[in-house]
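The values are calculated or read from the model by the stated rules, or taken from the named source; none is laboratory data. Just so you know, these numbers come straight off a predicted model, no measurement behind them. Cβ sites come from the backbone with ideal geometry, for glycine too, and all protein chains shown count toward neighbours.
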């Protein structure tokens, strides 16, 4: 299995190379040459697998044994998920008839990002150690290679990356977050980690500004090579790979709860919809890969907040930034893209970085006059043009046939803050009037649940909504939504890990302007201090 860029670069890279590089030199994202098919007996052979056993089987389809021997891969997986509080890693909870919530927040930072980033942190350390050992054996250099991990966060990615990489050998990690635009708990989870190799940069701007700076620094060849940059955001293929596992795990958990064997005739009548609160498109893209590997998913529901670029795409075929006309102070109307601040801040973005991977498949599948390498190259050229349009025109438009291809797999909806709060209230059902299991939703999960509730589904369809974060991470939104319920006590859901978190010592560098040069100077200054 080799990997290539969505923008048509002719280079074919190994799994290890794409993990360490993160972003292709042409600005594209790496995808596998082919989406592997499942073993013919997977429904029976994997039936009783644990999460970690499933991860081993699925990862092995994408990672050649000559790159990471199966025993080493198994050890990496077991080490990564030993940090989770639940033995099932991602347990499935039935809430009401035909509706389940998949809890993805049982890792160290109480967010779904832990599922991928605990693994990726150990993977970075393993691959870097292996590379240094090979260089030493070949006597290529006496100097050990280091890697500088660089990422941007709208909230949960930062803390999950930090907890996955803290104190890792020969690795420094820099996380950019928009100052004042993440929740207090999210900020504290990042900035109270005082390990010497961890660096937080609070940028005056939006998440999109932070993400743009990260991409600019990766494309700055001199800076990239000097510091050996590695990507931690979901542009890194390993992030997507790790997230595929919980789609399969939830599938087996569902059939177990129904007392139905997945390979039985009865199972063939069941339809399955996954509802995913979506910002950067990585979480739901993992579901797309799972479906195209062979997992029987009817469709994937994209749930957005007011930053609805994805919902608008699936409804119109136009992928377009929100443009707001403002006065420049001199009487001139100036247009610029904007991001709305909502109760679900991890989804407050104007561009979904992982969406480019789906665009490549839409371009490729819509080409029927070419074959093989020529078809792949043409798809890369189309995606490159589309992404240039997004940069220069703030918009790309796909053809009708390409949108129809997307709608085979995806549905979408947009949820307002008011609907988010109403959903949190509706699912917290008082004890004396319970018609379903009482459940406290975080605002991001509530976006997914609200979208799922608006769907008209047949009686044989089961919905699984991905719960992306513990509600205690977003106390203000949850408490405001449930303030009319006297019996709700926030302290009852507060994890012990959060007690006193906001008062702990913090370390963070403030960047007063969303300027790549200022960020570069801060990174180099922090690295000098790290090695003193």
Residue in the range 220-230 that is modelled with pLDDT under 95, crowded, with 24+ Cβ neighbours inside 10 Å, in contact with a strand residue (DSSP E or B) (Cβ under 6 Å, 6 or more places away or on another chain) and within 27 Å of residue 55 (Cβ to Cβ) present: yes
Scope the range 440-476; condition modelled with pLDDT of 95 or more, closer than 24 Å to residue 502 by Cβ, touching a strand residue (DSSP E or B) at 6+ places or on another chain (Cβ under 9 Å) and assigned to a helix (DSSP H, G or I); matching residues: 443, 444, 445, 446
Of the criteria (1) modelled with pLDDT of 95 or more; (2) surrounded by 15 or more Cβ atoms within 10 Å (Cβ to Cβ); (3) touching a helix residue (DSSP H, G or I) at 6+ places or on another chain (Cβ under 9 Å), which one residue 316 fails: (2)
Residue match in the range 78-88 (condition: within 22 Å of residue 442 (Cβ to Cβ), modelled with pLDDT of 95 or more, over 19 Å from the mean Cα position of the chain (by Cα) and assigned to a strand (DSSP E or B)): no
Filtered residue count, the range 224-279, keeping only those that are closer than 24 Å to residue 114 by Cβ and touching a helix residue (DSSP H, G or I) at 6+ places or on another chain (Cβ under 9 Å): 29
Of all residues making up the range 163-216, the number that are under 17 Å from residue 339 (Cβ atoms) and either free of Cβ contacts under 8 Å to residues at least 40 places away in the same chain or in a helix (DSSP H, G or I) (or both): 13
Those residues of the range 134-156 which are closer than 30 Å to residue 343 by Cα and out of contact with any strand residue (DSSP E or B) (no Cβ under 6 Å at 6 or more places or on another chain), in sequence order: 154, 155
Unmet requirement for residue 506, which otherwise passes all of (1) out of contact with any helix residue (DSSP H, G or I) (no Cβ under 6 Å at 6 or more places or on another chain); (2) in a loop (DSSP other than H, G, I, E, B): (1)
Odd one out for residue 406, checked against (1) farther than 30 Å from residue 482 by Cβ; (2) surrounded by fewer than 18 Cβ atoms within 10 Å (Cβ to Cβ): (2)
Residue pairs meeting the criteria (Cβ under 7 Å; at least 6 apart or on separate chains; first closer than 17 Å to residue 286 by Cβ, in the range 36-47; second at pLDDT below 95 and part of a loop (DSSP other than H, G, I, E, B)): none
From the options 102, 123, residue that is surrounded by 15 or more Cβ atoms within 10 Å (Cβ to Cβ) and in a strand (DSSP E or B): 102
First in the range 137-152 and surrounded by fewer than 20 Cβ atoms within 10 Å (Cβ to Cβ), second anywhere and modelled with pLDDT of 90 or more and in a loop (DSSP other than H, G, I, E, B), Cβ under 9 Å, 6 or more apart: 144/170; 145/170; 145/228; 146/170; 146/228
Residue match in the range 38-59 (condition: touching a strand residue (DSSP E or B) at 6+ places or on another chain (Cβ under 7 Å) and under 20 Å from residue 288 (Cα atoms)): no
